[in-house]
Amino acid sequence: SELDRQWFGDAKLADRMIGYVQDKINILAQDYNVKLAGFVWMQGESDAAGLSAGVAGRYSSNEQKLMKMVRDEFAAYATRNSTALGTPGSGIVFVNGGISASGFWPEHATVNNAKKANCAWWFDPVVGGFTNPGGNIANSLFVDTSTLISKNQSYVAGLDDYGNAQDNSDQAHYS
């Protein structure tokens with residue numbers, strides 16, 4: 001799904017996601033003191049597909065808008081004091097997964113660079129280290145997923161994510 005047109009456009013997926021999460025929080029709050037430690041975002045392939053002019057270039061501002069929306073809506077559930085970071089709801093960590101460098105997403109670099117520019121911290125799973133370049137979104141972490149084993153590598157080995165034989169019907173998404 002495209003952050004630009006579907007999450008904030010006609011489909012209003014951002015509003016629907018917020019409503020869905022709030023409904024689940026309301027259910028949990030009947031028996032628990034609900035806290036949100038983090039929000040994991042692994043999206044951007046459709047924005048990088050190159051199907052609509054300018055979409056990848058707007059990714060950074062759209063992602064900032066989404067995270068502000070999430071943090072504003074759920075600030076009361078943040079596990080950490082957000083005023084210490086100077087941003088409402090910033091006690092909710094924003095974990096931002098990079099997208100595949102697959103040929104299916106010709107503008108993957110634009111989207112991943114936007115994700116990196118938005119994040120205060122970067123994590124490289126191979127090196128196992130963190131860097132702190134700053135970034136537009138307080139208390140956020142970009143995870144470079146390009147070095148993790150790909151679906152394509154699993155496919156070549158004949159395995160799915162759980163080590164079982166698989167049909168690999170979504171190979172393009174993960175190669």
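What the table shows:
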quantity: Residue that is farthest from Asn139 (Cα to Cα), among those in segment 22-50 that are touching a residue at least 40 places away in the same chain (Cβ under 8 Å), aliphatic (A, V, I, L, M) and outside any strand (DSSP E or B); calculated: Ala49
quantity: Leading residue by the ranking (nearest to Val95 (Cα to Cα)) among those in segment 53-79 that are in contact with a helix residue (DSSP H, G or I) (Cβ under 7 Å, 6 or more places away or on another chain) and polar (S, T, N, Q); calculated: Gln64
quantity: Filter pass, Asp4 being modelled with pLDDT under 95, charged (D, E, K, R), closer than 23 Å to Val143 by Cα and open to solvent by less than 90 Å² (accessible area, probe 1.4 Å); calculated: yes
quantity: Test for Ala14: is it part of a helix (DSSP H, G or I), more than 23 Å from Thr145 (Cβ to Cβ) and either open to solvent by 70 Å² or more (accessible area, probe 1.4 Å) or aliphatic (A, V, I, L, M) (or both); calculated: no
quantity: Residue count for segment 71-91, restricted to those that are open to solvent by 20 Å² or more (accessible area, probe 1.4 Å) and at pLDDT 70 or above; calculated: 7
quantity: Checklist (1) within 21 Å of Glu45 (Cβ to Cβ); (2) surrounded by fewer than 22 Cβ atoms within 10 Å (Cβ to Cβ) applied to Cys119, failing item; calculated: (2)
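The values are calculated or read from the model by the stated rules, or taken from the named source; none is laboratory data. All values derive from a computational prediction rather than experimental measurement. Cβ coordinates were reconstructed from backbone atoms using ideal geometry, including for glycine residues, and neighbour counts include every protein chain displayed. In case anyone asks, the SASA skips ligands and DNA or RNA and just uses the protein heavy atoms, side chains included. Shrake-Rupley method; radii C 1.70, N 1.55, O 1.52, S 1.80 Å.
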